[in-house]
Structure formats: C-alpha cells, structure tokens
1. Can you list residues whose amide H is under 5 Å from residue 119's amide H, if they're 5+ apart or on another chain and H is modeled 1.01 Å from N?
2. Order of 265-273, 23-31, 330-338 by packing, highest average Cβ count within 10 Å first?
3. Using θ = phi - 60° and the Karplus relation 6.51 cos²θ - 1.76 cosθ + 1.60, list the HN-Hα couplings for the stretch 350-366 in order, rounded to whole Hz, with x at every Gly or Pro.
4. Can you spot the lysines whose alpha carbon is less than 23 Å from residue 395's alpha carbon? Ignore those fewer than 8 places along the same chain.
5. Could you sort the peptides 315-327, 62-74, 346-358 by per-residue average Cβ neighbour count (10 Å cutoff), highest mean leading?
6. At a Förster radius of 45 Å, what calculated FRET efficiency corresponds to the Cβ-Cβ distance of residue 151 and residue 178, to the nearest 0.05?
7. Suppose the chain between residue 327 and residue 55 were pulled fully straight at 0.36 nm per residue; how much longer would it get relative to their current alpha carbon spacing?
8. Given H placed 1.01 Å from N in the peptide plane, which residues other than close sequence neighbours of residue 387 have an amide H under 5 Å from its amide H?
Amino acid sequence: MAIAVNFRSTFSQIVWLQVLAVAATTLVMPIAIYLFLERTVADYQIKMLGQREQVLLHAMTPSPAGSVALPPSLTEPYAQEISGFAFSVSDTQGRLLVSSAADRGALGPLPAARRIALFRRKTGKGAYVGVSIPEEFHGRPIWIQVEQNQDNPDVVLDDVLARFLPAVVWLSAGLLLFLLAADIVIVRRALGPIVGASGMAGAISPSRMDLRLPTRRMPSEILPLVEAVNQAFDRIEQGFRAQRDLTADVAHELRTPLAVMRLRAETLAEPAVRARLLADIDGMTRLVDQLLSVAELETVMMAADETADLRLACLEVVEHLAPLAVKQGKAIELVGADGAVWVHGRADLLFQAVRNLVENAIRHSPPGALVTVEVEEAGRARVLDRGPGVPAELKDRLFERFWRGRRKERSAVGAGAGLGLSIVAQIAEQHGGRVAVDDRPGGGAMFILTLRPAPRSAVAA
C-alpha cells in the first residue's frame with residue numbers, strides 16, 4: 001500500500017530526517033565501535049606479547065657461536081606450545097638466532113622500519129597473531145618475535161570480537177529505533193500548539209472575529225509570528241466592524257426617507273405613475289432590508305446544540321407570502337413531510353433563507369403558476385417554480401453577492417440587487433449546509449436548501 005508523505009510538513013521533515021540519521025548511525029556506529037575495539041584488542045595483544053618479549057630479552061645470554069642462548073626452563077613451555085605461544089630471535093638480516101621451534105625460522109616477516117609491529121599469519125595449526133619488537137642485545141640490533149595461536153582455548157579476545165559486531169548491530173538498531181520513536185513523540189508534542197493554532201485559525205470567520213490564535217505553550221520561535229497574526233486579526237476585525245456598522249447605519253437612515261417617499265407617492269393622482277413609483281420604492285425598501293440582513297448575519301452566533309423545525313419555518317413562510325402570491329395571480333403550496341423536521345440551526349434564520357427563495361420563485365413565475373415548497377425528512381427544503389429557469393453557465397455565480405448578470409441575462413436571473421440569494425447561501429454556510437439550483441423537470445428552476453438533520457436526542461423537549 002502506497003504511503004503519501006507531505007514533505008512540506010515540518011513534522012514529516014523532522015521524522016524523515018530522524019529516520020535518515022538513525023539509518024546512518026545504525027550503519028556507522030557498529031563499524032566505528034568494531035574498529036575501536038579491534039584497535040583496543042591489538043593494543044592489548046601488543047602489551048601482552050610485549051611482556052613475554054621482555055622476559056625473553058632479560059633471560060638471553062650470548063653464545064660462543066654468535067647466536068643467543070636461553071635457559072631450558074624458559075624455552076620448554078614454548079616448545080610444548082603451552083597456551084599456544086611461540087617465539088623467535090633474528091638479526092636484522094633475518095638470520096635466526098634462537099627459536100622455540102627448531103624446524104623453522106622467523107615467525108613472521110620482519111618490518112622494514114625498526115618499530116613495533118603486529119603481524120598475523122595462518123598455518124595448518126591455526127591462526128596466529130604476533131608482535132615484532134626491535135631490541136639491542138650487547139650492542140647488536142635484533143628482532144624478537146612472539147606470537148600466540150588464536151585457536152587455543154585460552155584465547156577469547158578474538159572470539160569476543162567476532163561475536164561483538166552482530167550483537168552491537170542489533171543492540172544499536174533497537175536502541176536507535178527506540179530513540180526515533182521517542183523523538184517522534186517529543187516532536188509531535190512540541191508541534192501540538194502549532195497544530196492547535198492552525199485549527200483555531202480555520203475557525204476564524206466573519207461570524208467569529210473574536211477568536212485569536214492561542215499563545216499558551218507556543219514555542220518561542222513561533223510565538224512572534226502568532227502574536228503578529230493576532231495583531232493583524234485585530235486590525236481586520238476593526239475594519240470589518242467599521243464596514244458592517246456603516247452598512248447598518250446607512251440602511252437605518254434610508255428607512256425613514258423611503259417611508260416618507262411612499263406616503264407621498266400614494267397621494268399621486270396618476271395611477272400608472274403612482275404604481276411605477278411605488279414599485280421602485282418597494283424595491284429600494286427591499287434592498288435596505290437586505291443590507292440590514294447582511295450586516296446582522298455577520299454577527300450571528302449559534303449554539304452548537306441549537307435546533308429548529310424546518311417544516312414549521314417553511315409553513316410560516318408560505319403563510320406569510322401567500323397574499324403576495326395571490327395578489328400577483330399566482331399560487332403557493334407546502335408539500336412533503338407531515339411532521340416536524342428538526343435540523344441544526346436558528347428558526348429565524350431558516351425563515352429568512354426560505355423566504356428569500358420563495359420570494360425569488362414568486363417573482364420569476366408567470367401569472368397562474370404554482371410555487372411549490374417541499375420539505376423532506378432528511379433536512380432538505382426544495383422551492384420549485386415555473387419560471388424561465390437558470391442557464392447552466394450562470395448557476396455557479398448565482399449566489400455571489402451583488403452579482404446580477406449582464407443586461408441580457410437579467411431576464412433569467414431577475415433584476416434584483418443581487419443580495420437575496422447570497423443571503424441564502426450565507427445562512428446555509430453558517431448552518432453547516434449548502435444551497436444549490438437545478439432545472440425543474442418540465443421547466444422552471446428548483447432551489448435546494450440542504451441542512452444538517454438533528455437527532456431526536458438533540459431536540460429540546
């Protein structure tokens with residue numbers, strides 16, 4: 001199974017760098033330790049064999065033939081290969097002066113330089129390790145070589161060394177894997193505040209401008225950035241509140257002049273002029289109401305457990321707008337679920353969303369048409385009309401604020417201010433739902449408001 005790795009993630013980068021470091025350490029550390037121990041063993045062997053060489057040196061006496069003599073008590077143990085030791089004494093030309101084995105010459109090759117050197121050799125009797133030590137004997141330069149058979153039961157160093165490398169590899173791998181797991185836990189814990197702050201940042205919205213990124217337990221390297229982001233949010237909130245307050249104030253200030261204009265328009269004697277003027281004033285009043293709704297929606301706060309009856313909200317809308325539909329020679333009906341349909345949300349906002357959809361359907365339906373509001377048990381409300389429908393290329397932009405389309409498109413989407421449907425979309429988003437438009441079979445448009453159903457256990461008695 002393929003594993004996707006996000007290398008832009010700080011956590012992933014740290015973990016993979018740790019994995020590479022552990023892998024490299026697992027390979028290098030046992031080799032380094034092995035080489036160190038091998039050197040330590042070599043030093044020990046040189047020291048141990050050197051002690052025997054000193055005993056031989058101090059026991060040597062010159063012989064009349066120009067060679068070297070050693071007491072039998074010293075040479076006999078070597079001749080019997082007790083503990084696997086052997087020795088030889090040679091001059092600088094490699095001529096044997098005395099040896100523990102009469103049938104052979106120097107134990108190993110003589111070094112080119114006069115300095116202590118370790119040598120190894122193999123024979124049919126086993127593997128040997130020895131040392132060549134330059135000495136002066138009665139003013140004469142000589143070489144004393146001492147070796148030991150590594151296959152002798154008394155020799156354990158090479159066995160220990162041979163078994164050490166596999167053991168240290170497994171031990172190092174286990175230890176480093178444990179450290180890697182500990183590092184992952186530590187890093188995840190250290191990045192916890194940052195992950196929490198990113199989640200909090202995603203929750204900040206126009207309706208929750210009071211939220212700020214937490215600074216508690218934030219790493220000192222990230223804290224200045226978090227504080228700067230919080231200060232930026234403060235400035236954005238101030239500007240947002242000023243814009244929202246301006247919209248609300250303007251809308252409130254326009255209500256009184258519009259009311260006065262309506263009263264004066266109703267006194268006009270010419271019916272056609274009066275009707276057109278009153279229609280314009282109604283449109284302006286509707287725009288002012290929508291501006292107020294936009295300003296109020298930005299400050300909406302909903303409790304997580306708040307629920308509302310979607311069918312009841314739709315019923316109230318139908319009862320409220322039925323006179324308007326009848327006045328325009330149209331009809332409106334409510335169908336679907338017979339009982340309550342509980343969803344997460346506020347009843348007043350759901351009423352406003354459904355009202356905007358129904359008003360839009362009435363406005364675009366021809367005289368004599370029937371507007372249908374259908375409520376489904378799954379927490380969905382559908383508003384269906386018999387208007388011209390919505391062209392496919394306009395459906396994606398229909399819920400954008402203040403978008404009304406080009407002049408030739410307004411016959412399809414209406415000549416409103418471009419706020420009603422955007423308010424529906426905003427309410428749906430605040431409720432964790434969505435709104436969409438589709439073609440109605442047989443002609444017309446079908447607006448679908450989908451909300452989150454509330455379980456019966458969440459509905460207040």
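1. Result for residue 119 returns 130, 131, 132.
2. For the peptides 265-273, 23-31, 330-338, the packing ranking is 330-338, 23-31, 265-273.
3. 5, 4, 5, 5, 5, 4, 4, 5, 5, 4, 5, 5, 5, 5, 9, 7, x
4. 408
5. 346-358, 315-327, 62-74
6. 0.70
7. 85.0 nm
8. 445
The values are calculated or read from the model by the stated rules, or taken from the named source; none is laboratory data. All values derive from a computational prediction rather than experimental measurement. Counting neighbours? That spans all protein chains shown, and the Cβs are built from the backbone with ideal geometry, glycine included. Surface areas here come from the heavy atoms of the whole protein model, side chains and all, with no ligands, DNA or RNA. Shrake-Rupley method; radii C 1.70, N 1.55, O 1.52, S 1.80 Å.
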